[in-house]
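Scroll down for the structure; my scribbles are underneath it.
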């Protein structure tokens, strides 16, 4: 077990004694403090590997103290402790750079696991320049600026136990992102279990998540372990989380708070050790406003947001992805392709790709199956792709091309609104003021939208 120098800042004497005893028994060296002032002094004097910080301190706000500690030593992992009624504060701390948060009361095993993860992160991950190039994790392809930001966020959050909330349009690679978080975490040796909440009938979803016992309902002919139990020791990926039934959302919230599950028809709860990563192609805050998603569950899950950019915002990544997929699919199909014709590369880079990476891969697969190379030419492309350039020349009264209008069909208003805002910001160098003027809204409106999506504008 990894041990190290720890700083515990906790103002309740009884809890300080309990936490210190647990840590010392596990072999850690612990320095304690009861106030923010004493904690800051101990931090400067003893240079701890990890800080364990209660957010409610008598002389100063714990979040402010954490920010000062991180400004002095940006790489130090800080585990924040909060009461059950202050989860929003803990979420705010995570977004400000905390490594992990624990909600009182927590058990000894969870406490020591969080400390162990933080110590490993402290020893294995030296600080990197914020804008340094990061290798694409997992099966990702591309080096565009938006994707480099995603890679850095994955590297930063992977070793934490914090819940990751991935957003993005359909086909942008949200499950790849979840797998990358898992593979770079301390749980990489454990299972990665993915469950699509939108693809399972609501009456069966509880059983799929939590399992059931034999005879608990018609058709339950044997005991079944649910996804949460199967993911014990690893990561549970809940895709299309906004499609969860409200009743099941309540049970999921209880699971997140207690780390226990109770199979359908079962009488005894079971303890599991699971890290949650979830994803949606909807605007989660809009789902909250519409009453389709519990606000308390949203704040419990939306700890570390990662937004997957649409393919049209990834520049030359489109061609890199197409060439990589072409090489792989050609091997699989026994074809002799060696690359893209320059005219094809130019066309692929110019299209809006409403279906994102999934649509691009589908087009390349069709080319490989129906042709034999050596280079992909315009004539080989599927009709809807080859004809997109010509279709884009027709303009609507609103100033949009016919292709752009057709690409909006099937998307929600919230998705279209997000695309419009992101594209306008990109076209004006990230200036909220200029983007707001073009869109005809107040800058404050854009700031609220961006904050709800977890996007920071500097």
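Here's the yes/no breakdown for (1) touching a helix residue (DSSP H, G or I) at 6+ places or on another chain (Cβ under 8 Å); (2) buried (at least 20 other Cβ atoms within 10 Å of the Cβ); (3) within 20 Å of residue 285 (Cα to Cα):
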{"residue": "235", "(1), (2), (3)": "yes, yes, no"}
{"residue": "239", "(1), (2), (3)": "yes, yes, yes"}
{"residue": "242", "(1), (2), (3)": "yes, yes, yes"}
{"residue": "245", "(1), (2), (3)": "yes, no, yes"}
{"residue": "261", "(1), (2), (3)": "yes, yes, no"}
{"residue": "264", "(1), (2), (3)": "yes, no, no"}
{"residue": "267", "(1), (2), (3)": "no, no, no"}
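Answer yes or no as to whether residue 289 is farther than 20 Å from residue 103 by Cβ and surrounded by fewer than 20 Cβ atoms within 10 Å (Cβ to Cβ).
yes
With the requirement that a residue be under 15 Å from residue 249 (Cβ atoms) and free of Cβ contacts under 8 Å to residues at least 60 places away in the same chain, what does segment 278-295 give you?
Across segment 278-295, the qualifying residues are 287, 288, 290, 291, 292, 293, 294, 295.
What about residue 255, is it buried (at least 16 other Cβ atoms within 10 Å of the Cβ) and modelled with pLDDT under 90?
Working: buried (at least 16 other Cβ atoms within 10 Å of the Cβ): yes; modelled with pLDDT under 90: yes.
Yes; evaluated as a whole, the condition is true for this residue.
Restricting attention to segment 9-45, which residues are surrounded by 13 or more Cβ atoms within 10 Å (Cβ to Cβ) and either more than 21 Å from residue 64 (Cα to Cα) or outside the structural domain of residue 61 (by TED's automatic domain parsing) (or both)?
If the condition is that a residue be surrounded by 13 or more Cβ atoms within 10 Å (Cβ to Cβ) and either more than 21 Å from residue 64 (Cα to Cα) or outside the structural domain of residue 61 (by TED's automatic domain parsing) (or both), then 15, 18, 19, 20, 22, 23, 26, 28, 29, 30 are the ones that fit.
Considering only segment 348-372, how many residues are within 17 Å of residue 411 (Cα to Cα) and either buried (at least 16 other Cβ atoms within 10 Å of the Cβ) or in the same structural domain as residue 174 (by TED's automatic domain parsing) (or both)? Steps first, answer last, please.
If we filter segment 348-372 for residues that are within 17 Å of residue 411 (Cα to Cα), which is where we start, we get 352-359.
If we keep only those that are either buried (at least 16 other Cβ atoms within 10 Å of the Cβ) or in the same structural domain as residue 174 (by TED's automatic domain parsing) (or both) as well, we get 352-357, 359.
The qualifying residues number 7.
Residues to consider are 138, 171; find the one that is touching a helix residue (DSSP H, G or I) at 6+ places or on another chain (Cβ under 9 Å) and modelled with pLDDT under 85.
Details: 171 fails: modelled with pLDDT under 85.
Only one candidate passes the filter, namely 138.
Which one of these does residue 106 not meet: (1) closer than 21 Å to residue 156 by Cα; (2) modelled with pLDDT under 85?
Status for residue 106: all satisfied but (1).
Exactly one of (1) out of contact with any helix residue (DSSP H, G or I) (no Cβ under 9 Å at 6 or more places or on another chain); (2) in contact (Cβ under 8 Å) with a residue 12 or more places away in the chain is unmet by residue 218. Its number?
Looking at each condition in turn, residue 218 falls short on (2).
The values are calculated or read from the model by the stated rules, or taken from the named source; none is laboratory data. No experiment lies behind these values; they were computed from the predicted model shown. Neighbour counts are summed over all protein chains in view; Cβ atoms, including those assigned to glycine, are modelled from backbone coordinates with ideal geometry.
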